[in-house]
1. Considering only residues that are touching a residue at least 60 places away in the same chain (Cβ under 8 Å) and either closer than 18 Å to G565 by Cβ or within 16 Å of ligand 4 (Cβ to nearest atom) (or both), which ones fall in the stretch 596-609?
2. Regarding A255, is this residue within 20 Å of V460 (Cα to Cα) and either among the hydroxyl-bearing types (S, T, Y) or at pLDDT 95 or above (or both)?
3. Checking L54 against (1) of a type in the set (A, V, I, L, M); (2) at pLDDT below 95; (3) out of contact with any helix residue (DSSP H, G or I) (no Cβ under 7 Å at 6 or more places or on another chain); (4) within 16 Å of ligand 3 (Cβ to nearest atom), only one condition comes out false. Which one?
4. I'd like to check which helices (runs of 4 or more DSSP H) are fully inside the stretch 191-307 and have at least 3 residues that are of a type in the set (A, V, I, L, M, F, W, C) and under 18 Å from T162 (Cα atoms).
5. Which ones in the stretch 427-441 are more than 28 Å from E495 (Cα to Cα) and either free of Cβ contacts under 8 Å to residues at least 60 places away in the same chain or near ligand 1 (Cβ under 9 Å from one of its atoms) (or both)?
6. Which helices (runs of 4 or more DSSP H) sit wholly inside the stretch 338-449 and have at least 1 residues that are at pLDDT below 95?
7. Please identify the pairs in which a residue from the stretch 322-347 that is free of Cβ contacts under 8 Å to residues at least 12 places away in the same chain and on the phi > 0 side of the Ramachandran plot has its Cβ atom under 6 Å from the Cβ atom of a residue that is surrounded by 12 or more Cβ atoms within 10 Å (Cβ to Cβ) and assigned to a loop (DSSP other than H, G, I, E, B), counting only partners at least 6 apart or on another chain.
8. Test each condition in (1) open to solvent by 10 Å² or more (accessible area, probe 1.4 Å); (2) within 20 Å of V460 (Cβ to Cβ) for E590 and report the one that comes out false.
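The values are calculated or read from the model by the stated rules, or taken from the named source; none is laboratory data. If you're wondering where the values come from, they're calculated on a predicted model, not measured in any experiment. Cβ placement follows ideal geometry from the backbone for every residue including glycine, while neighbour counts extend to all protein chains displayed. Accessible surface is based on the protein model in full, side chains and every heavy atom, while ligands, DNA and RNA are left aside. Shrake-Rupley method; radii C 1.70, N 1.55, O 1.52, S 1.80 Å.
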Amino acid sequence: MGLLALGTALEWPEAKKRADQVREWGIKQLLEIWNKAKGKERDAMLWGDEVEYLVVTYTKDEQKVLLSLRQAQILEALASDQELAKEGCVPALQDGPTTKSQSSSPLPVFHPEFGRFMLEATPGKPWGIGFKELLDVEPDMKLRRKIAKDHMLSKEYPITLTTFPQIGVPGQFTDPFYPPSGSRLRSQFVPDEIANPHIRFPTLAANIRSRRGRKVQVNVPVFHDKNTKKPWTDPTVNFDLHNWPEDDDERNGAAPSDFIHMDAMAFGMGSCCLQITFQAKNITEGRQMYDQLSPLGPIMLALTAATPVYKGFLANTDVRWNQISRAVDCRTPEEMGEQPLKNDRWRIPKSRYASNSTYISTDPRLREEYMDPDLVIDPLIKAKLMEGGMDDRLATHFAHLFIRDPIVIFEEDLQELDLNKTDHFENIQSTNWQHMRFKPPPAENNIGWRVEFRPMEIQVTDFENAAFSVFMVLVTRAMLSFDLNFYIPIKKVDENMERAHAVDAVLKEKFYFRKNLFPLRPSRANTVFGDESRPGSAMPSRCGSPGLPVDEEYDEMSINDIINGSADGDFPGLIPIVESYLDSVNVDVETRCQLATYLSLISKRASGELDTTARWIRNFVDAHPRYKHDSVVDDVITHDLIGAVVAIGERESAGKNFAGLGIHGLPRLLGGFRGGCGQDSVLDGENGTVVGTDV
Ligand code: ADP
Ligand code: MG
Ligand code: MG
Ligand code: MG
Ligand code: MG
Ligand code: MG
């Protein structure tokens with residue numbers, strides 16, 4: 001998340017009084033951007049990924065793995081070295097398993113994150129349209145990890161697990177240790193020092209709590225194993241704490257049986273994800289991408305599932321999404337429908353972190369029936385946007401985002417409205433954490449309309465993270481090239497998002513998905529990629545029957561069918577569509593081969609031939625000698641799991657395969673992929689059944 005300017009951050013009662021001013025100035029800034037940029041054309045098809053890391057302190061011999069809270073020092077070390085590198089003084093930054101392109105690419109960019117134990121890294125500049133560039137992503141991700149590691153202590157590691165299995169357990173889990181129950185978070189389980197100390201972050205957490213009128217309630221169902229008591233009570237909850245008024249929350253039912261109970265923003269916003277931002281050629285295409293990628297969100301969430309453990313217990317869900325949603329849910333009891341509306345303006349069905357509720361495209365295929373009939377909007381904001389020239393659909397989208405209050409307001413920013421800035425607009429926009437984000441051009445530079453795809457969970461290896469990133473790029477290009485139509489009613493996307501949470505949802509759940517993706521209107525195939533395309537689409541341009549009732553347009557499908565195609569051939573599958581797209585453009589053999597390994601990973605995860613990260617972690621825990629089948633993931637199991645992840649990372653960054661690591665279940669996570677094109681025996685000699693602390 002980008003940092004807003006430093007200043008005096010207002011406490012909630014003060015901030016609340018200024019909320020209308022921020023909204024009013026925010027939409028003035030938005031209209032300014034709109035009027036400047038609505039006709040912007042021919043922006044390049046750029047894209048970029050964001051990878052988030054946990055920083056852990058791990059040694060083989062010490063039993064405890066801890067979260068390192070040295071984010072600030074690590075970022076400082078990175079920044080000063082990168083300054084030097086710019087001046088040509090630190091060539092060492094470019095060492096390591098890098099390839100051709102890095103020498104000419106700017107260095108990766110590191111960003112702070114909410115958790116003081118987190119880092120984010122993005123490429124030094126966005127990726128371009130070329131297919132060959134897709135091969136630079138994985139080496140760049142590896143370079144980022146190496147650079148990050150090089151600026152850490154020898155026992156610190158950047159790891160790409162979504163969540164730290166022991167965050168919030170009694171005793172020490174951070175390095176250094178701080179006792180819980182600080183004034184900002186008022187958590188029973190985590191100290192205030194867990195959050196990035198930049199005033200924006202503790203204020204965000206404190207004001208969300210304050211607006212809500214109680215602590216956030218991040219409850220996730222426990223996974224009942226054979227020795228787990230039923231009903232189960234979270235043994236770490238203290239019902240007898242009296243430090244803060246909020247300690248009453250637990251006594252008032254915030255911690256029900258059979259749920260792992262968490263009570264602070266850090267349990268959600270301390271999770272790592274993989275995000276992809278695409279630049280569209282113009283606003284129309286951006287709006288199309290926003291809509292068309294939206295139904296893919298839950299599918300990709302389930303496929304990247306990586307979050308089976310919270311606070312030392314196995315959860316009965318596989319993904320992070322709802323936990324983050326609850327961790328920043330600022331709604332009041334009135335807004336949540338628990339009390340009659342008196343002081344607040346409306347009931348709001350979702351947290352400000354949630355799947356998106358609007359479609360925004362001007363595509364004639366967008367039927368009214370796909371929209372949410374109960375969408376909450378601020379009608380005055382909508383009217384102002386439309387008076388300013390914005391069309392109904394986009395005005396509705398922003399009038400929906402603007403039902404939220406700004407949470408962090410700096411006194412200094414309220415002196416004078418600067419229409420050359422976007423700070424007030426971004427204040428609301430960037431704290432609407434939906435699974436898609438429509439990003440207007442920023443004020444200062446020549447960036448175009450962008451769309452961000454936000455649901456994916458981070459994967460353990462850069463190979464996997466590159467594979468999922470590249471897959472999303474290829475799906476997006478196939479979508480544009482074939483003018484694919486993924487529309488289903490937006491409420492069904494919500495329902496899919498819930499389904500994506502189930503354990504092994506990828507194999508066990510069905511998801512609403514559109515049956516016929518192909519356009520009714522003439523295809524624009526091959527008009528998007530200019531020189532790289534050749535005439536003649538490989539895909540049949542099947543026509544759907546116009547005027548089908550909406551509920552006949554979609555079906556419930558397995559992810560295997562959605563990704564690989566249905567056995568009866570009725571649904572082609574996203575990977576075959578991507579393959580056809582690749583057939584329709586010129587891709588050299590080497591590139592195509594590497595892309596094939598990425599697609600193969602995705603395909604096998606979808607079919608169940610390979611495990612999701614969540615399944616791998618569950619099996620690892622289950623097979624560990626310390627695991628008593630009572631849902632408890634203790635510090636030794638955590639140590640060994642993190643040890644496995646560190647070992648995998650070290651092998652990967654050294655460009656070596658994983659043979660002989662002796663990590664339980666690894667062959668079913670990664671298959672035989674790490675030998676590059678044409679070699680797939682990298683796990684030869686792997687004993688897939690050994691559970692070892694010796695990694
Ligand atoms: P945020 O955290 O707000 O989503 P970041 O700056 O962390 O934003 O990441 C944005 C991503 O978008 C990065 O991968 C970056 O490389 C990429 N990016 C930057 N400029 C463009 C652009 N013009 N078009 C597409 N992607 C871009
Ligand atoms: Mg981030
Ligand atoms: Mg970012
Ligand atoms: Mg950001
Ligand atoms: Mg982002
Ligand atoms: Mg067992």
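1. Listed by number, the residues that qualify are A596, Y598, L599, S600, L601, I602, K604, R605, A606, G608, E609.
2. In short, no.
3. Only one criterion is unmet by L54, namely (2).
4. On the way: elements: 200-212, 266-269, 283-293, 296-303.
Counting at least 3 such residues, we get 266-269, 296-303.
5. Listed by number, the list holds a single entry, P441.
6. Because the criterion is at least 1 residues that are at pLDDT below 95, no helices (runs of 4 or more DSSP H) in the stretch 338-449 meet it.
7. G337/R347
8. (2)
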